[in-house]
Amino acid sequence: PMLTDPGSLQWRHRLVVVFAADETSAAAARDTLAGAADPVAERDILWFVVLGETTRTNYPGGLAADFAATLRQAFRGPPAGAASEVVLVGKDGGVKSRGPALDPAALFGEIDRMPMRRQEMRER
């Protein structure tokens with residue numbers, strides 16, 4: 001299915017949105033997230049690396065042509081050309097944190113402290 005609205009992922013997925021400053025940081029973020037496939041899947045994370053109007057993702061379907069702009073608007077991403085920013089969005093659709101660097105261990109730790117995630121870990 002074509003993904004047009006990140007809100008449609010609410011209650012099923014956590015989102016990690018990386019607004020990259022340049023191709024180097026975009027590639028690094030993409031490689032880091034793709035390389036953490038197991039912990040990403042275990043935490044129901046969909047990730048999006050946004051550079052300009054391009055979005056790379058582990059979402060299995062297609063993305064709307066203007067999805068980068070949609071993400072920027074939905075999660076108040078920095079203007080193009082600004083420093084990188086990483087936004088963590090909870091299953092409830094709320095922004096849980098934002099920071100300048102992608103640190104998977106810190107992100108996973110933050111997610112694992114969330115009440116909803118703790119419940120998931122007990123149930124699985």
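The values are calculated or read from the model by the stated rules, or taken from the named source; none is laboratory data. Please read these numbers as outputs of a predicted model, since none were measured by experiment. A quick note on method: Cβ atoms are made from the backbone with ideal geometry, for glycine too, and the neighbour counts reach across all protein chains shown. Heads up: the accessible areas ignore ligands, DNA and RNA and are worked out on the full protein's heavy atoms, side chains in. Shrake-Rupley method; radii C 1.70, N 1.55, O 1.52, S 1.80 Å.
Descriptive notes on the structure:
- Counted residues, region 71-95 - those being free of Cβ contacts under 8 Å to residues at least 60 places away in the same chain and open to solvent by 30 Å² or more (accessible area, probe 1.4 Å): 6
- Among the conditions (1) at pLDDT below 95; (2) closer than 15 Å to VAL16 by Cβ; (3) open to solvent by 30 Å² or more (accessible area, probe 1.4 Å), the only one that GLY99 does not satisfy is (3).
- Whichever residue in region 90-124 is acidic (Asp, Glu) and assigned to a loop (DSSP other than H, G, I, E, B) and, among such residues, is nearest to THR32 (Cα to Cα): ASP103
- Residue list for region 21-36, restricted to those being open to solvent by less than 50 Å² (accessible area, probe 1.4 Å) and within 12 Å of the chain's Cα centre (by Cα): ALA29, LEU33
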